[in-house]
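Take a look at the structure set out below.
The values are calculated or read from the model by the stated rules, or taken from the named source; none is laboratory data. For clarity, every value in this text was computed on a predicted model and none was experimentally measured. Note that each Cβ is placed from the backbone with ideal geometry, even for glycine, and that neighbours are counted across all protein chains shown.
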Amino acid sequence: MIMYLILLLVIIVTIIVKSKKSLHMLQQNLYNENNRYLKWVFKNSKDFINIIILSIIFSLLGLLVFYKSEGSLIGLLIALVASYAYESYILSTKAKNEQTKKPLVVTKRVRRLIITTTILYLIPVVIGVIYYKDIKMLWLMITILSCMVYLNAFIVFLANIINHPYERGVYHYYKHKAQSKLKSMPNLKIIGITGSYGKTSSKNILADILNIKYNALPTPRNLNTFNGLIMTVNNNMDKFTDIFIAEMGAYVKGEIKGLCNLVHPKYGILTTIGTAHLESFGSEENIQTGKFELIESLPSDGIGILNGDDPKQVSYKLKNNVRTIWVGINNKDVDVRATDIKCSSKGTTFKVKFKNEDKAYEFQTKLLGNHNVYNILAALALGYEFGISIKELQQAVKSVKAVEHRLELKKLGNFYMIDDAYNSNPVGAENATIVLGMMPGVKVVVTPGMIELAEKEDEYNKEFGRQIAKVADYAVLIGEKHTKPIYDGLVESGFDKKHIIVYNDVRDAYTFINTLTGKKDVYALFENDLPDTYNE
């Protein structure tokens with residue numbers, strides 16, 4: 001009996017370790033929204049080949065062959081204990097050494113999942129305890145439990161399915177609460193922001209500029225889903241809020257429309273439309289129409305801010321009569337245009353011509369890159385419409401804070417870090433390399449590449465390698481398998497192979513960069529930071 005208790009203990013430890021990983025991935029994949037979690041499970045199915053298979057074999061031997069002989073079962077029990085203990089050790093060591101960028105957040109929903117998962121695992125345990133004198137029944141439960149441990153990712157998924165009706169009830173309660181709050185604030189200006197790239201940067205820049213005259217509330221961090229908007233309204237909005245800026249993210253057509261039905265924006269800003277999440281949208285046309293759901297959801301007295309330099313916006317035929325304001329840099333036929341853009345390590349200066357003004361006005365910002373100029377132009381267009389003076393707008397742009405992890409320039413130890421960890425996509429990556437090329441000294445790019453670009457992923461990453469080759473002295477690639485296309489693009493461009501360094505852990509990149517410090521300053525662009533789902 002003691003050996004059975006020891007076996008149960010090591011099985012519990014293994015379940016805890018495996019369930020933590022599964023819950024972490026379930027949370028990062030939005031609780032299987034659009035089957036994201038299941039895609040991760042099947043993509044990582046090779047990890048299922050582990051020592052637990054031996055445990056299943058040992059359990060089956062005990063059930064089918066040796067259950068009649070108590071002495072023979074002792075050997076199998078020892079083997080089972082050893083296999084589970086070894087698997088727990090391997091998994092714990094891997095989890096300890098793995099770089100976790102965004103750890104599991106133990107929310108109320110996660111706690112409920114833990115309870116349901118525990119109950120599922122307790123079923124064979126309780127039956128085994130009840131019938132412990134029936135050796136065959138006991139070993140049947142051990143076999144079932146071993147299979148459940150092996151299929152832990154699916155057991156956690158089953159718990160998610162079981163909890164779904166309750167979670168929907170919780171969601172609808174808080175949704176109704178948020179909508180009631182918004183209805184109670186008739187003077188609140190609501191602005192929606194969407195696009196393939198730059199949503200968070202645009203949102204934060206807009207908030208900084210509008211806050212010079214109004215009390216603007218942006219959705220915090222990247223909370224751009226239904227739950228994110230609901231949480232922001234319920235937890236952060238108060239009677240002093242003049243403007244609510246809702247960042248809106250989407251993986252499929254119809255999601256932006258649903259978010260608009262939730263908060264009913266009167267104003268909308270479209271950032272660049274590209275190929276982000278092409279895999280889930282299915283086509284570039286679906287992305288285009290999906291993003292324009294924001295503008296087409298605006299009321300007739302609303303305003304849509306569009307980018308006159310984006311072909312996907314210029315070519316689109318709007319299905320409503322909402323008023324539009326166009327911003328741009330290259331296109332001269334826009335309502336708000338930036339010219340004479342100059343970028344340096346200190347920031348960016350430029351002139352802005354408003355259609356209704358006789359002259360262009362000077363602006364300066366600490367932000368880097370033309371894409372940030374587009375974001376500022378969109379904010380200026382709305383600020384101007386909201387009655388903020390040119391002088392106030394100039395002051396506001398000058399004080400705009402650098403957006404965290406989006407071309408954020410900062411001194412880190414012995415080198416300058418250009419942190420673009422949260423902003424990687426084909427357009428953003430190219431913009432980032434252009435900015436790096438403007439910097440003096442030794443230039444380094446650290447990147448794991450780009451993701452969720454469907455069949456074009458390798459093509460875009462290879463082109464990214466070519467762009468890096470134009471400006472960088474060193475390329476540090478994180479994850480050998482995923483960065484192979486970048487490596488190929490670098491080599492094809494004649495980049496020195498000795499200056500291509502490949503690591504599996506980004507922490508090693510910091511150590512390498514610090515070896516480069518000398519007479520010249522070192523500027524290191526950290527482009528993209530893949531979620532833990534993509535760890536190699």
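The single condition among (1) touching a helix residue (DSSP H, G or I) at 6+ places or on another chain (Cβ under 7 Å); (2) over 30 Å from TYR474 (Cα atoms); (3) surrounded by fewer than 22 Cβ atoms within 10 Å (Cβ to Cβ) that GLY383 does not meet is (3). Among the residues of this structure, LYS253 counts as one that is among the basic types (Lys, Arg), over 19 Å from VAL322 (Cβ atoms) and under 19 Å from the mean Cα position of the chain (by Cα).
Contact annotation: residue pairs with Cβ atoms under 6 Å, 6 or more positions apart or on different chains, pairing a residue in the stretch 118-138 that is in a helix (DSSP H, G or I) with a partner that is loosely packed, with under 14 Cβ neighbours inside 10 Å and of a type in the set (Phe, Trp, Tyr), are LEU138/TYR132.
Within the span defined as the stretch 208-229, one or more residues are within 21 Å of the chain's Cα centre (by Cα) and farther than 28 Å from THR289 by Cβ.
Report yes if some residue within the stretch 41-53 is part of a helix (DSSP H, G or I), more than 37 Å from the chain's Cα centre (by Cα), at pLDDT below 85 and buried (at least 20 other Cβ atoms within 10 Å of the Cβ); otherwise report no. No, the stretch 41-53 contains no residue that is part of a helix (DSSP H, G or I), more than 37 Å from the chain's Cα centre (by Cα), at pLDDT below 85 and buried (at least 20 other Cβ atoms within 10 Å of the Cβ). The number of residues in the stretch 516-535 being at pLDDT 90 or above and not hydrophobic (A, V, I, L, M, F, W, C) comes to 2.
Here LEU262 meets each of (1) of a type in the set (A, V, I, L, M); (2) surrounded by fewer than 22 Cβ atoms within 10 Å (Cβ to Cβ); (3) in a strand (DSSP E or B) with one exception, condition (3). No other residue among ALA276, ALA250, ALA246 is without any contact (Cβ under 8 Å) to a residue 60 or more places away in the chain, small (Gly, Ala, Ser), surrounded by 22 or more Cβ atoms within 10 Å (Cβ to Cβ) and part of a loop (DSSP other than H, G, I, E, B) apart from ALA250. In the stretch 46-62, the residues that are more than 19 Å from LEU8 (Cβ to Cβ) and assigned by TED's automatic domain parsing to the domain that holds SER83 form Cβ pairs under 9 Å with partners that are assigned to a loop (DSSP other than H, G, I, E, B) and at pLDDT 70 or above, at six or more places apart or across chains, as follows: PHE48/LEU151. For the stretch 424-465, filtered to residues that are more than 16 Å from the chain's Cα centre (by Cα) and among the acidic types (Asp, Glu), the residue that is modelled with the highest pLDDT is GLU463.
Taking GLY192, is it small (Gly, Ala, Ser), touching a strand residue (DSSP E or B) at 6+ places or on another chain (Cβ under 9 Å) and at pLDDT 95 or above? When the stated conditions are applied, GLY192 passes them. In the stretch 212-235, which residue that is in contact (Cβ under 8 Å) with a residue 60 or more places away in the chain and in contact with a strand residue (DSSP E or B) (Cβ under 9 Å, 6 or more places away or on another chain) is surrounded by the fewest Cβ atoms within 10 Å (Cβ to Cβ)? By that ranking, first place goes to ASN222. Of all residues in the stretch 469-478, those satisfying the criterion of being hydrophobic (A, V, I, L, M, F, W, C) and over 23 Å from the mean Cα position of the chain (by Cα) are ALA469, VAL471, ALA472, ALA475. When restricted to residues that are in contact with a Ser or Thr (Cβ under 7 Å, 6 or more places away or on another chain) and basic (Lys, Arg), the stretch 451-469 contains 2. Counting only residues that are more than 27 Å from ASN528 (Cα to Cα), surrounded by 13 or more Cβ atoms within 10 Å (Cβ to Cβ) and of a type in the set (A, V, I, L, M, F, W, C), the stretch 101-118 holds 3 of them.
Of the helices (runs of 4 or more DSSP H) lying entirely inside the stretch 348-453, those containing at least 1 residues that are in contact with an Asp or Glu (Cβ under 7 Å, 6 or more places away or on another chain) and closer than 25 Å to PHE495 by Cα are 426-437. The condition of being of a type in the set (Lys, Arg), buried (at least 17 other Cβ atoms within 10 Å of the Cβ) and part of a helix (DSSP H, G or I) holds for LYS462. Only residues that are buried (at least 17 other Cβ atoms within 10 Å of the Cβ) and outside any loop (DSSP other than H, G, I, E, B) were counted in the stretch 485-509, giving 8. Does PRO165 satisfy the criteria of being of a type outside the set (Ser, Thr, Tyr), free of Cβ contacts under 8 Å to residues at least 40 places away in the same chain and either over 30 Å from ILE12 (Cβ atoms) or surrounded by 15 or more Cβ atoms within 10 Å (Cβ to Cβ) (or both)? No; evaluated as a whole, the condition is false for this residue. All conditions in (1) in a loop (DSSP other than H, G, I, E, B); (2) in contact (Cβ under 8 Å) with a residue 12 or more places away in the chain hold for ASP238, with the sole exception of (2). Evaluation of SER300 against the conditions (1) at pLDDT 95 or above; (2) assigned to a loop (DSSP other than H, G, I, E, B); (3) closer than 28 Å to ASP242 by Cα shows that the sole unmet condition is (1). Yes or no: the stretch 360-370 includes at least one residue that is over 20 Å from THR200 (Cβ atoms) and polar (S, T, N, Q). Yes, the stretch 360-370 contains at least one residue that is over 20 Å from THR200 (Cβ atoms) and polar (S, T, N, Q).
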